[in-house]
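So the structure is just underneath, and the comments pick up after that.
The values are calculated or read from the model by the stated rules, or taken from the named source; none is laboratory data. Remember, predicted model here, so these are calculated numbers, not experimental data. Note: ideal-geometry Cβ built from the backbone for every residue, glycine included; neighbour counts use all protein chains shown.
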Amino acid sequence: MNVSRYLLNNMMQKIDGQAIAEKIKKKIAAEIEKSKGPRPNLAIILVGDRSDSQLYVSKKEQEGKKVGIDTHLYKMAADTPEAELLSVIDFLNKDELIDGILVQLPLPKQFNTDKIIQAIQPDKDVDGFHPHHPDYIVSPVLAAIKACLDDINFMPAGKSVCVLYNSEVFGQSVKKFLEQEEMIVSLQKNPEQADLIVSALGEPGKIKKEMLKKDVVIIDIGITKVGDKILGDVDTKEAKDIASFLTPVPGGIGPMTIAFLFQNTWEIFKRRQ
């Protein structure tokens, strides 16, 4: 990494997730093209009408076409009975055409998210949230967080991190991952004491300067569409003189999670041949 590009004027620098993602997708696309065989197939289940979830799903569909992965969208109303959602997952588990299954999170509150995730066949769980998923499936969001920290040479051992989230499955997965990196993890509290903040609230501009420690690194996973704008959880105007690094929204974590999602789908596809 060219460290100098992050140290200009001692100001907050943005982590270029788009560039990282493009390298990953380019490699996948080349491998799929070289295989000259059938294309991988990814089923996406979208329950409800959250704007951030709709935006994420739309991007996954668009980018899938570019790399050579066919996506199949299953849209369900927010008041869909849980049994019906489980029935769709069971159908997709048994469908030989489908290589990977993704349930877009967060789900509406009436659903038992753990139960839904565990209903997915472990070797089709492209999000890597199933407790028994194989080692070759790595959670895209965790892979993206690690890619960001590697890109800025962040040394995690002993550092404090605050994780903010709207999905318990997500929060616990990030906590476990960061603790494996020997970080001291706090969930939903004390962001002002953290060396690293990982936020996936979906609340635009929620993170203000009074919530930040000097030189904090912020991984902003939150994404919300407001009018014609795409906004993250961080108020960037307030953070710019305090934070050292920030993943921008758009162009930060989002593109990387999609790229790693496709990497999982391609890996599953190869092992099913």
Given the conditions (1) touching a strand residue (DSSP E or B) at 6+ places or on another chain (Cβ under 6 Å); (2) without any contact (Cβ under 8 Å) to a residue 60 or more places away in the chain; (3) polar (S, T, N, Q), every one holds for Gln121 apart from (1)
What single numbered condition from (1) in contact with a Pro (Cβ under 9 Å, 6 or more places away or on another chain); (2) assigned by TED's automatic domain parsing to the domain that holds Asp233 fails to hold for Ile69?
-> (2)
Requiring at least 1 residues that are over 19 Å from the mean Cα position of the chain (by Cα), the strands (runs of 3 or more DSSP E) wholly within segment 145-254 are 160-165, 184-187, 224-226, 229-231
Residue ranges of helices (runs of 4 or more DSSP H) in segment 31-133 with at least 3 members under 23 Å from Val249 (Cα atoms) = 51-67
Taking the condition touching a residue at least 60 places away in the same chain (Cβ under 8 Å), closer than 20 Å to Arg272 by Cα and out of contact with any helix residue (DSSP H, G or I) (no Cβ under 9 Å at 6 or more places or on another chain), does Gly64 pass?
-> no
Of these, Thr224, Thr247, Thr236, which one is modelled with pLDDT of 95 or more and of a type in the set (Ser, Thr, Tyr)?
-> Thr247
Collect the residues in segment 80-117 that are under 24 Å from Gln273 (Cα atoms) and either polar (S, T, N, Q) or touching a Lys or Arg at 6+ places or on another chain (Cβ under 9 Å) (or both), keeping them in residue-number order.
-> Leu92, Asn93, Glu96, Ile98, Asp99, Gly100, Ile101, Leu102
Residues of segment 86-117 classified as in contact (Cβ under 8 Å) with a residue 24 or more places away in the chain, of a type in the set (D, E, K, R) and loosely packed, with under 15 Cβ neighbours inside 10 Å, total = 4
